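Input: a single structure, listed below in structure tokens.
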Amino acid sequence: MPPVLYIVVPCYNEEKVLPLTSPMFLKKLLDLASAGKISRESRILFVNDGSKDGTWKLISSLAGLNPHFAGISLSRNRGHQNALLAGLMHAKDLCDVTISIDCDGQDDIDAMDRMIDAYLDGADIVYGVRSDRKSDTFFKRTTAQGFYKFLNLMGAEVVYNHADYRLMSSRALKEFAKFREVNIFLRGMVPMVGFKSTSVYYERHERLAGKSHYPLKKMLALAFNGITSLSIKPIRIITCFGFLVAAVSVIGIIWSVIMGILQSPTGGWASTVSIMCFLGGIQLLSLGVIGEYVGKIYLETKARPRYIISEVTGEPGGQTKEEPGKENEPGKE
Ligand code: UDP
Ligand code: MG
């Protein structure tokens, strides 16, 4: 029996691009099914992340027209990572394997063939890795590459140039469901699941329509969240810096004492003030970094649901149905 594939596609205000990309996803699904690589029960699962435009209406009508389309709608906008998690957790019990992909046509869907081949060869996780960044602006390319390098430097191990275009088997997803944290950074967490994994390389295109939801501010927030949810290296760096400053201070004290004994005290308030300002700045920065981790603990202890599914459409054998208040209580996903 060929495996049942669910292509999980998060969508936020994407009414412009969905009519262009949904037929592409469908064609790919049908081609894979005709080649006997996946089951005809396979589906494209759209996750409406609390869109304010007609995205959900569009998803519902697609699901009404073709049984290969299905959708879930979140009760409000929760951000790309949570939307993707909602889709994957929903799909894991309905299929054998999932592929997550953005809905804007940037990721080359032909890489799915190679992903499925790798899965059929025994891989549980297949990372889609961008072979180059020709389609990016100079700014996006530089910031994105800096982002991966900085993440790795800070101790967050991520696959270089891999975003969230990846294949995961339901076995890997069921293990992943045990990761209960609310600060999620999927591309850094998935490698922790382990299992046999591999990468396929593809070229990333321009967005087919609509505009990016990741301006610099959100990119920085994602990077910061990635580092603090995966690594405590920044706190270690603060500790090391503390040691360094303490060591330099000891040398400074010894030097001042010797100079005092030799009757040639060192003068100059400018140097004193600059050192004070420098240390004051470092202290505030360090407090900020530590505060960031304390904030994370605060959010984790509350353990609020990461998403709430309000509606489902095109489920196997089902009509569009409303599920008010269905949420991912611990242990329920
Ligand atoms: N997205 C989402 N929720 C959000 C923002 C984005 O589900 O709050 C989806 C969006 O519809 C798209 C994917 O996440 O399918 C990636 O977003 P985008 O293309 O805007 O990011 P970029 O490719 O520019 O980094
Ligand atoms: Mg995009």
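Values in this text are rule-based calculations from the coordinates and carry no lab data. Remember, predicted model here, so these are calculated numbers, not experimental data. All Cβ positions, even for glycine, are placed from backbone atoms using ideal geometry, and neighbour counts span all protein chains on display.
Quick notes on this structure:
- Scanning the range 210-249 for residues that are of a type outside the set (D, E, K, R) and within 16 Å of ligand 2 (Cβ to nearest atom) yields Gly210, Ser212, His213, Tyr214, Pro215, Leu216, Met219, Leu222.
- Index of the failed condition, Asp31 passing every other in (1) among the acidic types (Asp, Glu); (2) more than 11 Å from ligand 1 (Cβ to nearest atom); (3) buried (at least 19 other Cβ atoms within 10 Å of the Cβ): (3)
- Hits in the range 104-129 (condition: in contact with a strand residue (DSSP E or B) (Cβ under 7 Å, 6 or more places away or on another chain) and either within 12 Å of ligand 1 (Cβ to nearest atom) or not in a helix (DSSP H, G or I) (or both)): Asp107, Asp108, Ala123, Asp124, Ile125, Val126, Tyr127, Gly128, Val129
- Within the set Thr239, Thr228, the sole residue that is touching an Asp or Glu at 6+ places or on another chain (Cβ under 7 Å), within 30 Å of Met189 (Cα to Cα) and in a helix (DSSP H, G or I) turns out to be Thr228.
- Pairs, first without any contact (Cβ under 8 Å) to a residue 60 or more places away in the chain in the range 213-229, second in a loop (DSSP other than H, G, I, E, B), C-beta under 7 Å, six or more apart: Asn225/Asn183; Asn225/Phe185
- Within the range 191-215, the residues that satisfy the criterion of being outside any loop (DSSP other than H, G, I, E, B) and under 21 Å from Asp113 (Cβ atoms) are Ser197, Thr198, Ser199, Val200, Tyr201, Tyr202.
- The residues on offer are Asp93, Asp53, and the sole one that is surrounded by fewer than 16 Cβ atoms within 10 Å (Cβ to Cβ), on the phi < 0 side of the Ramachandran plot, within 24 Å of the chain's Cα centre (by Cα) and more than 16 Å from ligand 1 (Cβ to nearest atom) is Asp93.
- When we screen Leu244, Leu186, Leu230 for residues that are of a type in the set (A, V, I, L, M) and in contact with a Gly (Cβ under 8 Å, 6 or more places away or on another chain), the only hit is Leu230.
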